[in-house]
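The next block holds one structure in the form of structure tokens; read it before the comments.
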Amino acid sequence: MHRIHRETRAQFIKESLCEVRTLLNQFERCGALPSSAQYHLGRFLFENFPQGTGFPELALPEPLSEMEILAELQYIKGRINTSSGILTDREKTAFFFVIIPEEMILIDTQKAAQLFAKFNVPLSGYVVNRVIPESLASQDIPEYLRNRLQMQKGYLKKIDELFGNEVLARIPEFERDITGLPMIEKMAEALFGPNR
């Protein structure tokens, strides 16, 4: 076997492509092909999309009659009214806002409370969460935590002014997130007292 040098191989490929182009151009000129671009597109589509490129026709569903549309709308209205009745019934539903002593939370909570009032959704109270114990102030704590305590003091005062006796509990900041039964028990004890 003889070796074909790199230059010779490149030259061979170039000449072969020229022959193919010349042949396609001749077919195009005599009308056997609409165009060489169309030929290549056709080959590409045939090789890559053997089932064709179109989508099968979809059958449209039968249009609903006015009576069917009206019945569907009345059904939806009934479900909305039932849900609304449950959400606004103080005997069946209670909403509690859980807030933390920070400025943006207080602003958002006031807006939400106004919306609840606007739509007669009963609000049963507020629970203040993640309260850093005041007893830490007498200990040797980092300056950051001392500043947080001072900031929190102002927001807790504001919470008392805004929501007064509607604040049902203050839950301390725990060492980790409330996940798992032991932490839920700890949270329940802080919320309701021991042995409840």
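Overview of results
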| quantity | calculated |
| --- | --- |
| Elements of type strands (runs of 3 or more DSSP E) in region 91-196, at least 3 residues being farther than 30 Å from Asn81 by Cβ, under 31 Å from the mean Cα position of the chain (by Cα) and not polar (S, T, N, Q) | 123-131, 167-172 |
| Test: residue in region 82-97 that is of a type outside the set (D, E, K, R) and either on the phi > 0 side of the Ramachandran plot or touching a His at 6+ places or on another chain (Cβ under 6 Å) (or both) | no |
| Residue in region 151-172 that is farther than 11 Å from Pro101 by Cβ, in the same structural domain as Thr109 (by TED's automatic domain parsing), touching a residue at least 60 places away in the same chain (Cβ under 8 Å) and surrounded by 13 or more Cβ atoms within 10 Å (Cβ to Cβ) present | yes |
| Residues within region 68-85 that are of a type in the set (Val, Ile, Thr) and within 15 Å of Phe119 (Cβ to Cβ), tallied | 1 |
| Residue among Glu91, Glu68 that is without any contact (Cβ under 8 Å) to a residue 24 or more places away in the chain and closer than 30 Å to Arg170 by Cβ | Glu91 |
| Sole exception among (1) closer than 20 Å to Lys157 by Cα; (2) assigned to a helix (DSSP H, G or I) for Tyr75, by number | (1) |
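Every residue, every condition in (1) modelled with pLDDT of 90 or more; (2) loosely packed, with under 10 Cβ neighbours inside 10 Å, yes or no:
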{"position": "Leu45", "(1), (2)": "no, no"}
{"position": "Gln51", "(1), (2)": "no, yes"}
{"position": "Ile100", "(1), (2)": "yes, no"}
{"position": "Val131", "(1), (2)": "yes, no"}
{"position": "Leu136", "(1), (2)": "no, no"}
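The values are calculated or read from the model by the stated rules, or taken from the named source; none is laboratory data. From a predicted model like this one, the values you see are computed outputs, not experimental measurements. Note that each Cβ is placed from the backbone with ideal geometry, even for glycine, and that neighbours are counted across all protein chains shown.
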